[in-house]
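Only one structure is covered here, and it is reproduced in the block below.
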Amino acid sequence: MTMEAGVLVDGLCFGEGPRWHNDALWLSDMHACVVLRIDSQGNRQEVTTVAAWPSGLGWLPSGDLLIVSMRDKSLLRFDGKQNHLHADLSELASHYFNDMVVDAQGRAYVGNFGFDLHQRQAVAPAELICVEADGAARVVAEDLLFPNGTVITPDGKTLIVGESFGSRLTAFTIDRQGDLSQRREWAPMPERAVPDGICLDAAGGIWVASPSTNECLRIIEGGEVSHRVALDRGAFACMLGEQTLYILASGSSDPDTCRSERSGQVLTVTAPYPGAGWP
């Protein structure tokens, strides 16, 4: 089924890490170095700034906001007034951080590039890092090809991550300590499609933003595509807020181009199922 989306917000530099929290959409305008809260009418509120580029977002049980700080390979905690260093992960990560999912216990799983994407280096594998609620960190998966958007199922037992340069969604079993095992392919991507940001719905489907094909896809385990939302620019992330699918799109991912053109948008479309699990 092909669906059409409408524009809620225009003029962003580059939106990433969308999350639905307390009846609003939260996101990182990465190359503007700000975290935003956007209400259902499209009104924006600047939450905090992150000079080293914000990306993935999530919340601790305390209510504090965790923010990926990409270029300095760290995780920040925003207490409602200011940012604090939650974890310095520079010794564990191969390259810049990107997306993240935070579970019900405040445990964060953070991916990274693995190589310098903007300088067109050769593709290299990366790690998935687990950061406990107290800031203690360890590598829980290796040899991932650009681990990007990540979700956790409602029962808390399965983590699924999009490998952007592996063209697949990869699943792991989560044990009680938060470690990952039983790695397996959850679904291959359709031809030319690349997984970036992802979110999970209540029927078990995963919505996948694909910048390479200018669309957002709903994929069922095994690889069947049930729904498509076609766009006029790259889709880089998506999030379900109740039964609205929010898509972050942009004409480019190049930092300088993003800042000069400000082609980033938040698009909306009514989804067949509400969101589920984490984020």
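Would you mind telling me which residue in GLN265, GLN177, GLN82 has the biggest mean-square fluctuation in a Gaussian network model of the chain, where springs connect alpha carbons within a distance under 10 angstrom?
So, out of GLN265, GLN177, GLN82, the one fluctuating most is GLN177.
Counting other Cβ atoms within 10 Å, which GluC sites (Glu not before Pro) in region 186-279 have at most 15 and lie in a DSSP loop?
Counting only loop positions with at most 15 other Cβ atoms within 10 Å, the GluC sites (Glu not before Pro) in region 186-279 are GLU191, GLU221, GLU224, GLU242.
Starting from the amide H of SER212, placed 1.01 Å from N in the peptide plane, find each other amide H under 5 Å away whose residue is 5 or more places distant or on another chain.
VAL194
Let me make sure I get this right: for region 17-81, a, b and c are the square roots of the gyration tensor eigenvalues over alpha carbons, sorted descending. Under 1.5 in a/c it's rounded, otherwise prolate if a/b > b/c, else oblate. Which is it?
oblate
When the Kirkwood hydrodynamic radius is evaluated over all pairs of different C-alpha atoms of region 85-235, what value in angstrom, to one decimal, is obtained?
15.6 Å
Please work out how much length the chain gains when fully extended from VAL7 to ALA230, using 0.36 nm per residue of separation minus the C-alpha to C-alpha distance, in nm with one decimal.
Here the segment from VAL7 to ALA230 would lengthen by 79.0 nm.
If each DSSP helix of 4+ residues adds -39,500 (n - 2.57) and the sum is divided by the residues in the chain, what number results at 222 nm, nearest 500 deg cm²/dmol?
The per-residue figure over the chain is -500 deg cm²/dmol.
Taking a quarter of the surface of the convex hull around the Cα atoms of region 186-227, what do you get in nm²?
Answer in nm², one decimal: 2.6.
Where nothing but the Cβ of Lys and Arg (+1) and of Asp and Glu (-1) is charged, how large is the charge dipole of region 53-191 around its Cα centre, in debye to the nearest 20?
I would put it at about 140 debye.
So how strong a dipole does the chain carry about its Cα centre when Lys and Arg Cβ are +1 and Asp and Glu Cβ are -1, to the nearest 20 debye?
That gives a dipole near 80 debye.
Mean-square fluctuation check for the chain, GNM, Cα pairs under 10 Å: which of ALA136, ALA187, ALA122 is largest?
ALA122
Between rounded, prolate and oblate, where does region 1-40 land on the alpha carbon gyration tensor, with a ≥ b ≥ c its root eigenvalues, rounded for a/c under 1.5, else prolate if a/b exceeds b/c?
oblate
Assign one of three labels to the chain, namely rounded, prolate or oblate, based on the Cα gyration tensor with a ≥ b ≥ c the square roots of its eigenvalues; rounded applies when a/c is under 1.5, prolate when it is not and a/b is larger than b/c, and oblate otherwise.
rounded
Summing Lys, Arg as +1 and Asp, Glu as -1, what charge do residues with Cβ under 13 Å from the Cβ of GLY178 carry, GLY178 excluded?
Charge balance near GLY178 sits at -1.
What fraction, in whole percent, of alpha-carbon pairs in region 105-185 exceed 18 Å separation?
For region 105-185, the fraction of Cα-Cα distances above 18 Å is 39 percent.
Please state, as a whole number in µm²/s, the translational diffusion coefficient that the Stokes-Einstein equation yields for region 154-252 at 25 °C and 0.890 mPa s, with Rh defined as the Kirkwood radius across alpha carbon pairs.
Diffusion coefficient, whole number: 179 µm²/s.
Leaving out ligands, DNA and RNA but keeping every protein chain, what accessible area does SER212 have, in Å² rounded to the nearest 10, with a 1.4 Å probe?
Using a 1.4 Å probe on the heavy atoms, I get roughly 60 Å².
Per the Cauchy relation, a quarter of the hull surface: what is the mean projected area of the convex hull of the alpha carbons in region 1-157, in nm²?
10.8 nm²
Tell me, what ³J(HN,Hα) does each residue in region 148-155 have, in order and in whole Hz, if you take phi through Karplus 6.51 cos²θ - 1.76 cosθ + 1.60 with θ = phi - 60° and put x for Gly and Pro?
Running phi through 6.51 cos²θ - 1.76 cosθ + 1.60 with θ = phi - 60° gives 10, x, 9, 10, 10, 5, x, 7 Hz.
Sorting ASP155, ASP175 by accessible area (1.4 Å probe), largest first, what list results?
Descending accessible area places them as ASP155, ASP175.
May I ask you to evaluate 6.51 cos²θ - 1.76 cosθ + 1.60, the Karplus curve with θ = phi - 60°, for each residue of region 17-29 and list the ³J(HN,Hα) values in order in whole Hz, giving x for glycine and proline?
x, x, 9, 9, 8, 6, 6, 8, 8, 10, 7, 9, 8
Show me, for region 38-46, the HN-Hα J-couplings you get by feeding each phi into the Karplus relation (A = 6.51, B = -1.76, C = 1.60, θ = phi - 60°), rounded to Hz, glycine and proline as x.
10, 7, 5, 8, x, 6, 9, 10, 7
The values are calculated or read from the model by the stated rules, or taken from the named source; none is laboratory data. If you're wondering where the values come from, they're calculated on a predicted model, not measured in any experiment. A quick note on method: Cβ atoms are made from the backbone with ideal geometry, for glycine too, and the neighbour counts reach across all protein chains shown. Surface accessibility is based on the protein's heavy atoms, side chains included, excluding ligands, DNA and RNA. Shrake-Rupley method; radii C 1.70, N 1.55, O 1.52, S 1.80 Å.
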